[in-house]
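Encoded as structure tokens, the structure appears first; notes follow it.
The values are calculated or read from the model by the stated rules, or taken from the named source; none is laboratory data. From a predicted model like this one, the values you see are computed outputs, not experimental measurements. No Cβ is skipped: glycine too gets one built from the backbone with ideal geometry, and neighbour counts run over all protein chains shown.
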Amino acid sequence: MNGTSRSADGTSSTTNGASRTEDGTSSPASEAYEERLRAFVGREVTGPTPGQDPVNQPMIRHWAEAMGDRNPVYTDERAARATGRPGVVAPASMVQAWTMRGYAATVAPAARDTAPGGLAALVALLDEGGYTSVVATDSELEFRRELVPGDHIAVQETVESISPEKKTALGAGRFVTTVKTYRDQAGGLVATQRWRTLRFRPREAGRPRAERSTGGSAAQPGAEPPARRPRPAVNRDNAFWFEAAREHRLVIQRCASCGALRHPPGPCCPECSSLWWDTVESGGRGHLYSYVVNHHPRHPAFTYPLLVAVVELAEGTRLIANLDGVAPEEVRVGMPLVLDWLDADPDLSLPVFRPAATEES
Amino acid sequence: MRAGTLRGAAAIAGIGATEFSKDSGRSELQLACEAVLAALADAGLRPADVDGLVTFTAETNSEIHVARNTGMGEVSFFSRVGYGGGAGCGTVQQAAMAVATGAAEVVVCYRAFNERSGERYGLGQADRPMDTSADRAAYAWMTPFGLHTPAQWVALFARRYMHEYGADGDDFGRVAVVDRKHAATNPAAWFYQRPITLEDHRSSRWIAEPLRLLDCCQETDGGQALVVVSAERARDLPHPPALIHGAAQGLGRDQHMMTSYYRPSISGIPEMGLVARQLYAQSGLGPLDVDAAILYDHFTPLVLPQLEELGFCARGEAKDFIADGHLEVGGRLPANTHGGQLGEAYLHGMNGIAEGVRLVRGTSVNQPEGVGHVLVTAGTGVPTSGLVLGGER
């Protein structure tokens, strides 16, 4: 029963690096425990549960606004009809939202949530096995028809599979895959959702781990999962940079008044004192201005010796980043570099630089 | 650069320290009290005479605790200086200005910590608590990349300096060797009777390449205090006054905390150049009038550009200046005669100011001939400060 290897689909690896696993290794858990877990497979853990409100225009508008989705078919009757629809429709990916329980229900679960054999029982069983933490890994949605205001949706959830124990970057855990089925007031199928979470045993704090490569890619097959890199202190002045980095865009702050580029960023232009700024995206070319090879002290998130560089970009600003793809003894001040990206963990993407020559050879 | 009115207005009349150890076995506050009392005794003054206190923002022993515990009475001036080791000489500048303006008459500057047995700065910033301040946000450009420690920050300057001027590891190692040579004859030094050779330096392990273990200063438990009074009052006290001929701070353009890598050039120390220009303007002296120096040596590589910024040699020539033996007792500029922070103790540079006073008094364990003026520097890589001390001659 290793159906969760499908987690290698593109969605999961881009949305959550932690889902990379070492296939086929399960720890010797007690057979009785395995049996109790297996009993949940195929079982309905949440019976048909209607959403609190029918599909309605105000919630659609709020959703579209929050998502920045300006497609008029969600809010404008005439525009919707112009596309051949009978009227406005709800965004397809909103299907889950119609059946969300809301905050009050989350903090005070209803009786059906704690029914014997229900989802709560499965979570309790996983807790018993030490899998006390959870992270969502991926979600595959299939839509049958568009929802319109007045539809009233109910969801029902069935366990599809529970994986053997896997080693992941977050700790040893099991992928739990359920299928949620969404039906309308007439019982008609609206959508299905294959919903996968990792229930895991959080790793012990402070336990040393090594990354495989100097630049420090995340979990590698067979390697002990790494500790997370120190978190950047993100505030109102630098958040844009780290947000762009998560999209693998290396941005440079630019004064909107005088055009001067600056890094590290700040709220005010050192050249003209303007508070107005925007960003430009770096072309990702530069050269090595200086570097250090770190040996001691060691932090568990990194592999040593660790190369840290001051890179001078072609745009003229400098930044600190790790060097990868080059041995410490081969590093030379002045060597041309190209940008690459490191997804250190689900929350942190950072630029890394590689020698330009190795890419061209 | 203006001369100002500070020259010769105040003097350091007393110095006092605890022993320098790796595990003091007592509180940081007790270390501070012991150092303050020792400095006052050296000055021939009592705690009740003190009406001013200056320390570092990094200091954990607040003025109220030191004043109350040592039996000081009313304190009319208290001030702190920021930026870690860059504060050292700045505390004396604050004290001298307070004395010169009448804000206080007897000002004690102090620094005490269990930096080895307690919180070790050398372990770096990786796991410090988060907040959204600009100071903490600055670490966002370092710690996620594994750039955590002072040695690593300095190494990036050192590598660039090597690239531009052809310096190598031996050029840094010679600084360590001369420091340890001086410490070897200083009974107060942690490395008393333990000199090193250049070969020892070459074979010491990498910490943050190009920095080796012996390029890095030690970590110390201890306390150091200094007593500043007017020059006039100092003349009535037991020791010959160490007159403050110049005292200055410097924060350079595009200054960061230990990581000013974004300036057009990073092979110099512009904030130290700013300090030097002020010191010479205030004192009316030039590099040739300086007979000895205490150069901040948390890490050896930044001693080289200090010599250049202070005008003792031209840019890129510090390696030759050092190799020619000019930092030795008997050389052109005897330096760190107490052993420096590599050899004596790491007291955030405050022990170096005390050695500057001893050089003026003529009481250093490695006393060179004819020391008229001593230049003392504070931390490098940070906003910094400096002093020129001298005798009555």
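Could you please let me know if B:E59 is of a type outside the set (A, V, I, L, M), part of a loop (DSSP other than H, G, I, E, B) and under 17 Å from the mean Cα position of the chain (by Cα)?
Details: of a type outside the set (A, V, I, L, M): yes; part of a loop (DSSP other than H, G, I, E, B): yes; under 17 Å from the mean Cα position of the chain (by Cα): yes.
Answer is yes for this residue.
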Matching entry among B:V227, B:V154 (being crowded, with 24+ Cβ neighbours inside 10 Å and farther than 15 Å from A:V293 by Cβ): B:V227
task: Give the residue that is nearest to the chain's Cα centre (by Cα), with candidates limited to residues of the stretch B:343-361 that are surrounded by 24 or more Cβ atoms within 10 Å (Cβ to Cβ) and among the charged types (D, E, K, R).
output: B:E355
- line: A:R249 vs (1) at pLDDT below 95; (2) in contact with an Asp or Glu (Cβ under 9 Å, 6 or more places away or on another chain); (3) part of a loop (DSSP other than H, G, I, E, B); (4) buried (at least 16 other Cβ atoms within 10 Å of the Cβ): all pass except (1)
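Looking at the stretch B:283-300, which of the residues that are touching a strand residue (DSSP E or B) at 6+ places or on another chain (Cβ under 7 Å), crowded, with 24+ Cβ neighbours inside 10 Å and of a type outside the set (A, V, I, L, M, F, W, C) is farthest from B:G252 (Cα to Cα)? I'd like the intermediate steps shown before the answer.
So in the stretch B:283-300, the residues touching a strand residue (DSSP E or B) at 6+ places or on another chain (Cβ under 7 Å) come out as B:283, B:285, B:289-296, B:299.
From the residues that got through so far, the ones that are crowded, with 24+ Cβ neighbours inside 10 Å too are B:283, B:292-296, B:299.
Next cut, of a type outside the set (A, V, I, L, M, F, W, C) only: B:283, B:296.
Working: B:S283: 21, B:Y296: 17 Å.
Per the stated criteria, the residue is B:S283.
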task: From (1) surrounded by 15 or more Cβ atoms within 10 Å (Cβ to Cβ); (2) at pLDDT 90 or above; (3) out of contact with any Lys or Arg (no Cβ under 6 Å at 6 or more places or on another chain); (4) among the aliphatic types (A, V, I, L, M), pick out the condition that doesn't hold for A:A186.
output: (1)
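Kindly establish whether B:T149 is at the interface with another protein chain (Cβ under 8 Å from one of its Cβ atoms) and surrounded by 18 or more Cβ atoms within 10 Å (Cβ to Cβ).
Numbers: at the interface with another protein chain (Cβ under 8 Å from one of its Cβ atoms): yes; surrounded by 18 or more Cβ atoms within 10 Å (Cβ to Cβ): yes.
Yes.
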- request: Scan the stretch B:132-146 residue by residue and report those that are more than 7 Å from chain A (Cβ to nearest Cβ) and not in a helix (DSSP H, G or I).
  value: B:S133
Residue that is nearest to B:E317 (Cα to Cα) [pool: residues in the stretch B:152-199 that are more than 14 Å from chain A (Cβ to nearest Cβ) and among the β-branched types (V, I, T)]: B:V175
- prompt: In the stretch B:332-382, how many are under 21 Å from B:F113 (Cα atoms) and either free of Cβ contacts under 8 Å to residues at least 60 places away in the same chain or assigned to a loop (DSSP other than H, G, I, E, B) (or both)?
  reply: 12
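For the stretch A:290-327, give me each residue that is at the interface with another protein chain (Cβ under 8 Å from one of its Cβ atoms), without any contact (Cβ under 8 Å) to a residue 40 or more places away in the chain and closer than 26 Å to B:G166 by Cα. Quick ask: steps written out before the conclusion?
First, pick out the residues of the stretch A:290-327 that are at the interface with another protein chain (Cβ under 8 Å from one of its Cβ atoms): A:290-297, A:299, A:301-302, A:305-306, A:308, A:310, A:317-322.
Imposing the further condition that a residue be without any contact (Cβ under 8 Å) to a residue 40 or more places away in the chain reduces the set to A:292-297, A:308, A:310, A:320-321.
Within the stretch A:290-327, A:V292, A:V293, A:N294, A:H295, A:H296, A:V308, A:V310, A:I320, A:A321 meet the criteria.
Restricting attention to the stretch B:200-236, which residues are within 14 Å of chain A (Cβ to nearest Cβ) and without any contact (Cβ under 8 Å) to a residue 60 or more places away in the chain? Before you say what the answer is, go through the steps one by one.
At the first step, the residues of the stretch B:200-236 found to be within 14 Å of chain A (Cβ to nearest Cβ) are B:204-216, B:219.
Answer for the stretch B:200-236, where residues must be within 14 Å of chain A (Cβ to nearest Cβ) and without any contact (Cβ under 8 Å) to a residue 60 or more places away in the chain: B:S204, B:R205, B:W206, B:I207, B:A208, B:E209, B:R212, B:L213.
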message: Which residue is farthest from B:A151 (Cα to Cα), if the candidates are limited to the stretch B:122-131 and must be buried (at least 18 other Cβ atoms within 10 Å of the Cβ) and at the interface with chain A (Cβ under 7 Å from one of its Cβ atoms)?
response: B:A126
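Which count do you get for residues in the stretch B:19-35 that are assigned to a helix (DSSP H, G or I) and closer than 22 Å to B:P187 by Cβ? Before you say what the answer is, go through the steps one by one.
Just the residues of the stretch B:19-35 that are assigned to a helix (DSSP H, G or I), to begin with: B:28-35.
Narrowing further to those that are closer than 22 Å to B:P187 by Cβ: B:31, B:34-35.
Adding up the residues that qualify gives 3.
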